[in-house]
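Asks: The structure that follows is given in the form of structure tokens.
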Amino acid sequence: MNTYKANSKNIKKAAHIIKAGGLVAFPTETVYGLGADGLNPIAVAKIFEVKKRPSFNPLILHISDKSWLKKLTTVKREKIDLLIKKFWPGPLTLVLPKTELVPEIVTSGNPTVAVRMPNHPVALQLIETSKRPIAAPSANRFGHLSPTEASHVSKYLGDKVDMILDGGKSSVGVESTILQFYEDNFYLLRHGGLSKEEIENEVGKIKTGTMNEQKPNSPGQLPFHYSPHTPLKFFNKKLLDEKKKIGAIFLRQNKLDFPFAKIKLLSEQADLREAAANLFSFLHDLEKENLDLIIVEKIEETGLGRAIMDRLKKAVKQHE
Ligand code: TXA
Ligand code: MG
């Protein structure tokens, strides 16, 4: 059993695990989270591996101190300060433009990042002791219910996480409300523990955005998912035209005799965690190179390979 009572000693131990790149399930007032160092892309890749999500979904960064908001996001608005003053710590997640510090895998390549300060002493102490934001989705496997007790977590993810901190039952029991600030408007992306009315009491009328938990890539009115501008295609010999400026992404090595303008290797050890951690930042890097085309090698669809291929297939499809 790796479930431990959430006392100071065990929280310290959990913070060590987070700092070392491990996974810790911890209580928040909404639901239990599956946490990893939010600034370490490989640690974050482990979250996707364990959740067995067939695709990437951007994660919430949990903070214990408002000063982190300045480091993670660029927005400075009175209306946001108002919400933070009133509702943090609490079940309100804010989606704001991200800074360079936030790894691409946390946001699944989105230019925005979701941040929240949970209202639970164990979560706050864990984040504080870890000295970094903790990336955490709800600690359930894909398709299962969100856990509100440590035993729910151990049932589904018990042997997959390094430690589960038992802090009793989550008092709110539903996930946080997600609010995006975009072009001076607020959009409610997910209903949750804080009601729309309570938010509107503070900042006036807000709009309801579109977000589908199962299909986060579904195109809504919001700039939700990252889509590459340069055409992206899976490798096919016919695509190799020397008159074109072509970039290539391979898993571990360049297998082709062609003068590529840029080559990226996702993981020289063919480690899918490393590959996942690099994927979005490589796509961004290549995008800046003014290429005519990016070709990418297909990856075996096992473990994280499924999520990587899902992302790539979607990106390829946009240019068909
Ligand atoms: O109460 C909660 O929010 C819990 C606890 C653990 O904090 N966490 C949680 O995380 O529910 P998760 O990953 O299960 O749901 C987070 C939702 C996802 O649907 C994700 O798509 C959305 O937040 N999200 C994260 N970053 C986003 C972004 N940059 N833009 C839009 N939506 C985002
Ligand atoms: Mg969830």
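Values in this text are rule-based calculations from the coordinates and carry no lab data. Everything numeric here is computed off the predicted structure, so don't read it as measured data. Here Cβ is always computed from backbone atoms with ideal geometry, including for glycine, and neighbour counts include all displayed protein chains.
Asks: Which residue fluctuates the most in the chain, going by a Gaussian network model with Cα springs under 10 Å, if the choices are Val113, Val172, Val203?
Replies: Evaluated over the chain, the most mobile residue of the options is Val203.
Asks: If you average the C-alpha positions of the range 283-304 and of the range 1-62 separately, how far apart do those two centres end up, in angstrom?
Replies: If you average the Cα positions of each part, the centres end up 28 Å apart.
Asks: Using +1 at the Cβ of each Lys and Arg and -1 at the Cβ of each Asp and Glu in the chain, identify which of Pro89, Leu293, Pro259 lies farthest towards the dipole's positive end.
Replies: Of the listed residues, the answer is Pro259.
Asks: Ok, one more. How compact and how long is the range 1-117, expressed as Rg and Dmax of its alpha-carbon atoms in Å?
Replies: In Å, with Rg to one decimal and Dmax whole: 14.7, 47.
Asks: Which percent of Cα pairs goes in each bin when the distances of the range 27-73 are cut into 10 angstrom slices starting at zero?
Replies: 21, 51, 26, 2
Asks: Which ordering of Val24, Val296, Val316 is given by a fewest-first count of other beta-carbon atoms within 10 Å?
Replies: Ascending Cβ contact count within 10 Å gives the list Val316, Val296, Val24.
Asks: Does the range 3-208 classify as rounded, prolate or oblate by the C-alpha gyration tensor (a ≥ b ≥ c root eigenvalues; a/c under 1.5 gives rounded; else a/b over b/c gives prolate, otherwise oblate)?
Replies: prolate
Asks: Here is a follow-up. Per 5 Å bin, what is the whole-percent P(r) computed from every C-alpha pair distance within the range 173-212?
Replies: P(r) for the range 173-212, in whole percents per bin: 6, 26, 34, 24, 8, 1, 0.
Asks: For the chain, set up a GNM with springs between Cα atoms under 10 Å and report which of Leu188, Leu59, Leu82 has the largest fluctuation.
Replies: Leu82
Asks: Top mean-square fluctuation among Ile60, Ile199, Ile127, Gaussian network model of the chain, C-alpha springs under 10 Å?
Replies: Its mean-square fluctuation being the largest, the pick is Ile199.
Asks: For the chain, what is the mean residue ellipticity at 222 nm derived from helices alone (per DSSP H run of n ≥ 4: -39500 (n - 2.57); sum divided by total residues; nearest 500 deg cm²/dmol)?
Replies: Using -39500 (n - 2.57) per qualifying helix, the result is -9000 deg cm²/dmol.
Asks: On average, how much area does the Cα convex hull of the range 232-318 cover when viewed from any direction, in nm²?
Replies: Computed as one quarter of the Cα hull surface, the answer is 5.3 nm².
Asks: Straight distance only, please: which lysines reach the Cα of Lys79 with their own Cα at less than 26 Å, same-chain residues fewer than 8 apart left out?
Replies: Lys66, Lys70, Lys71, Lys98, Lys196, Lys205, Lys207
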